[in-house]
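To start, the structure under review is shown below, and the notes come after it.
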Amino acid sequence: MTESHESNQPLELVPLPGSERQPAPGVRPAAHPLARETAVEATLVLRRAGAADPAALAGGDAAPLPPAEFAARFGASAADVELVTSTLAGLGLTIIETDPASRRVRVSGPVSTIDRVFGTALEAASSEGADGSRVTHRHRAGSLSIPAVLAGVVTAVLGLDDRPQARAQFRVAEAHATSVSYTPVQLGEIYDFPAGTDGAGQTVAIIELGGGFAESDLDAYFGGLSIQTPDVRAVGVDGAVNEPGKDAQGADGEVLLDIEVVGGSRHGHPYSSISHRTQTLGFWMPWPPPRMPHPPPPPSASAGVRAKTNGQPRPAPRSMTRCSMRRLSASR
């Protein structure tokens, strides 16, 4: 690698296919500009070491691959990881983490270096969030570029523009509108869940895009149902963490609802809460994420965005469990 990371040295870049971004809705400059020395993190997604045939992997006779074999066949190759890390380090970026199995390389650097290496112009901006409020975030528009030597090796660069992509579809019912409610245990009885199917030996993963849970809240809820509090393990992805207490009427309520619905049906057996960010990076989710058990558990998510059809809001997708509960409530 002969390139210097000094900004006055020429750098050959090529466009990164699929990296185009439209301006955020109602975007305008933030009150304070983005300082050029501000540290920014990004996640690069690398190509697979070998081609994957989804039909063959998902076939009825296909046996689950051990993690090591899957990583060797469908993760990033050691040569590609070395090329990416050495190239970006040589250009002044810091390598935070590499995960060949999920084909990810996390890097950080000041805005000035990030802009130069990825051919963009990050700025501080505010735009309309999913709930209609103004949100301040980093912003970019147009396409990204990457060093020419990485063409075909890097397939995505995520996390530079951290505008929110989704919000919890949590609603607080007004007191006068509240009707009959049911616990997960009662729903199991209503739906005639077979005896002995309490999930023993299985793990469920719940994807959360913000908020968090406190063990004391779980103990209080499950104690009220006279069942054992389940073993819930928070697994962060790309820097996201379990953060209860910051949004008790929104994201926290969504997280607790999801855990309580699953935990009330599973009677104390373990599952994991997967914390993701609400930006684009959180939606590119290698499954399973690091530190998850093998075979990976079935994932569930209930957050989303409200799209528009002919100018009218359209409900976001929700998990099957959440939809079933709402249908049940509406029919009784």
Protein-only accessible surface order, largest first, of 32, 139 at 1.4 Å: 32, 139
Over the heavy atoms of residue 36, what accessible area does a 1.4 Å probe trace out, to the nearest 10 Å²? 110
Can you give the accessible area of residue 48, probe radius 1.4 Å, in Å² rounded to 10? 100
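The values are calculated or read from the model by the stated rules, or taken from the named source; none is laboratory data. Computed from a predicted model, the values in this text were never measured in an experiment. Heads up: the accessible areas ignore ligands, DNA and RNA and are worked out on the full protein's heavy atoms, side chains in. Shrake-Rupley method; radii C 1.70, N 1.55, O 1.52, S 1.80 Å.
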